[in-house]
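The values are calculated or read from the model by the stated rules, or taken from the named source; none is laboratory data. Keep in mind that what you see is a predicted model, and the values were worked out from it rather than measured. FYI the Cβ positions are ideal-geometry reconstructions off the backbone, even for glycines, and counts take in every protein chain you see. Ligands, DNA and RNA are stripped out before the accessible areas are found, and what is left, the full protein with its side chains, is counted by its heavy atoms. Shrake-Rupley method; radii C 1.70, N 1.55, O 1.52, S 1.80 Å.
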Amino acid sequence: MSENNEETTTIGARLKAARTAKGLTIDDLQQITKIQKRYLIAIEDEQFDKLPGDFYVRAFVKQYAETVDLDGNALLEEYRDQLPSVHTETIVENVDEVQPTRVASREQPASPASRVRNYLPTIIVTAIVVLILFFFWFMAVRTHAGSSSSTSADSSSVQVSSSKKQSSSSKASSSAKSSSKASSAKEQTIKANGSSDTAYTLTNGADKNKVVIKSTKAAWTSVTTNGTQTWQGTLKADGSHTLTLPSNATTVKFQFGNATVTTVTINGKAFNFNPKNSTSQVRTITLTIK
């Protein structure tokens with residue numbers, strides 16, 4: 001009896017139990033987290049020496065935990081004695097998004113002469129801009145002085161020209177309103193292809209469509225545009241990610257690791273990619289843009 005209690009309190013057994021409770025297989029977990037299957041099995045068997053290094057042990061365990069709805073930081077703290085210690089590395093939210101560290105450089109105090117040299121280009125550019133503005137002002141004054149007499153002598157033609165301009169402006173305004181009405185009549189639509197709930201078509205979208213992905217729990221998502229991966233990552237609970245599709249995008253493939261807690265909006269409008277309320281967590285959706 002005591003042996004069973006000891007086994008279920010180990011970190012590997014804890015993670016495996018949480019995965020099983022969510023109905024996920026090792027293959028499902030590999031697809032969601034992008035962590036190799038052999039590393040996931042090693043974590044559950046607590047064979048941490050089979051992972052690439054001590055840093056990856058803690059990073060993979062944290063990502064595994066959050067994918068199965070456990071608190072990754074709390075789990076690492078609770079089982080810190082069972083895990084390899086890491087002194088200088090920092091655990092990141094997504095292993096594939098580690099940013100390179102930058103080495104800080106020391107700057108020597110600048111001398112007065114050096115500061116003047118630094119500002120010299122700005123002073124020269126400002127002086128050139130002032131001279132150009134003065135030149136245009138001078139030419140405008142000359143033009144105004146030369147045309148003032150002819151303006152008073154030809155007032156009737158000016159009135160006719162003004163009338164024509166007003167008429168032209170009125171026509172242009174009317175044309176702009178008609179164009180605005182025509183464009184507003186074309187509203188964005190996303191419709192399923194026939195009876196399919198995995199293939200959809202977007203019409204009257206933007207030149208560069210803005211996509212916002214949100215999740216209420218930890219969820220992995222991948223976006224592939226025209227066969228090239230645009231973005232992939234694991235969102236935390238109540239997390240979101242925004243991306244802009246290129247203007248030449250014709251086909252977009254969404255892969256969801258936890259579809260039931262994930263929502264998508266395109267150009268501010270909801271994309272209902274689950275109209276039949278499927279309970280499947282791992283789903284692939286294809287969107288054709290016309």
Wholly enclosed helices (runs of 4 or more DSSP H) of the range 29-81 bearing at least 3 residues within 14 Å of Ala218 (Cβ to Cβ) and either out of contact with any His (no Cβ under 8 Å at 6 or more places or on another chain) or open to solvent by 20 Å² or more (accessible area, probe 1.4 Å) (or both): 54-67, 72-78
- request: Please determine, by comparing only the residues of the range 195-223 that are in contact with a strand residue (DSSP E or B) (Cβ under 6 Å, 6 or more places away or on another chain) and of a type in the set (Val, Ile, Thr), which one is most open to solvent (accessible area, probe 1.4 Å).
  value: Thr198
task: Tell me, yes or no, whether the range 247-265 has at least one residue that is open to solvent by 70 Å² or more (accessible area, probe 1.4 Å), out of contact with any Cys (no Cβ under 6 Å at 6 or more places or on another chain), at pLDDT below 90 and not small (Gly, Ala, Ser).
output: yes
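Results for (1) modelled with pLDDT under 85; (2) of a type in the set (Gly, Ala, Ser), shown as yes or no for each residue.
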{"residue": "Gln82", "(1), (2)": "yes, no"}
{"residue": "Thr90", "(1), (2)": "yes, no"}
{"residue": "Asp96", "(1), (2)": "yes, no"}
{"residue": "Gln99", "(1), (2)": "yes, no"}
{"residue": "Arg102", "(1), (2)": "yes, no"}
{"residue": "Arg106", "(1), (2)": "yes, no"}
{"residue": "Ala113", "(1), (2)": "yes, yes"}
{"residue": "Thr122", "(1), (2)": "no, no"}
{"residue": "Phe134", "(1), (2)": "no, no"}
message: Among (1) at pLDDT below 90; (2) open to solvent by 70 Å² or more (accessible area, probe 1.4 Å); (3) more than 30 Å from Asn258 (Cα to Cα), there is one condition Val130 misses while meeting the rest; what is its number?
response: (1)
- request: State whether the residues of the range 208-216 include one that is free of Cβ contacts under 8 Å to residues at least 60 places away in the same chain, within 20 Å of Asp71 (Cβ to Cβ) and in a strand (DSSP E or B).
  value: yes
task: Give the residues of the range 21-31 that are out of contact with any Lys or Arg (no Cβ under 9 Å at 6 or more places or on another chain) and within 21 Å of Leu76 (Cβ to Cβ), sorted by residue number.
output: Ala21, Lys22, Leu24
message: Among the residues of the range 267-290, what is the count of those that are over 23 Å from Asn204 (Cβ atoms) and either touching a His at 6+ places or on another chain (Cβ under 6 Å) or part of a strand (DSSP E or B) (or both)?
response: 2
message: For the condition modelled with pLDDT of 90 or more, surrounded by fewer than 15 Cβ atoms within 10 Å (Cβ to Cβ) and aliphatic (A, V, I, L, M), what is the one hit in Ala192, Ala270?
response: Ala270
